[in-house]
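Let me begin by presenting the structure, written as structure tokens, before commenting on it.
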Amino acid sequence: MTKILLINGPNLNLLGQRQPEIYGSETLDDVVAGCVALGSDLGFDVEGRQSNHEGVIVDWIQEARGVAAGIVINPGALSHTSVAILDALNAFEGPVMEVHISNIHKRERFRHHSYVSGRAEGVIAGLGTEGYGFALRRLKTLLA
Ligand code: DHK
């Protein structure tokens, strides 16, 4: 099975509780379970991880080199600040899909720019938690 790393960044552990009018009512466990199930239909072994810490996410991206075929990442607020995550993704050889649950372009100006978007093959924003599924399907096409 093709390994795909699904990374969620800061505060996404609070999905379902945190501002549900923006981020929806699904929990992170729901999202990961949905991605694991869809992934297995697509021939992917999806591993879901979440951290509130930038350096931990950098470590995971580095460890994915030569192990995972692709990465789906919602860096949360680190999208807008983290050159370190961008650099780690640039050292990863496979395709990267960036997901934002909310439409970051409809929100505060500081959310409009994402460092990760300069590296990602595709960016999904504003499709709610469904965006993760679309990202996996796109990875299937990219890895075919
Ligand atoms: C999630 C966050 O936690 C925010 O900091 C980003 C993103 C948007 C999302 O829409 O999934 O600005």
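Quick rundown of the values:
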| quantity | calculated |
| --- | --- |
| Within the accessible area of region 2-143 (1.4 Å probe), percent carbon and sulfur | 49 |
| Protein-only accessible surface order, largest first, of S25, S117 at 1.4 Å | S25, S117 |
| Residue-level accessible surface for T141, protein heavy atoms, 1.4 Å, Å² | 80 |
| Size of charge dipole - the chain - debye, nearest 20, with Cβ of Lys, Arg +1 and Asp, Glu -1, no other charges | 380 |
| For V99, residues with placed amide H under 5 Å, excluding near neighbours | I73, N74, I124 |
| Region 126-144 and region 80-123: distance between their alpha carbon centers, rounded to Å | 15 |
| Relative contact order computed over the chain (Cα-Cα under 8 Å; 6+ residues apart), in percent | 27 |
| Accessible area of region 2-143 divided out per residue, in Å², using a probe of 1.4 angstrom | 46 |
| Residue order for S102, S40 - accessible surface, 1.4 angstrom probe, largest first | S40, S102 |
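The values are calculated or read from the model by the stated rules, or taken from the named source; none is laboratory data. For clarity, every value in this text was computed on a predicted model and none was experimentally measured. Note that we place each Cβ from the backbone using ideal geometry, even for glycine, and neighbour counts take in every protein chain shown. These accessible areas exclude ligands, DNA and RNA; they are computed on the full protein's heavy atoms, side chains included. Shrake-Rupley method; radii C 1.70, N 1.55, O 1.52, S 1.80 Å.
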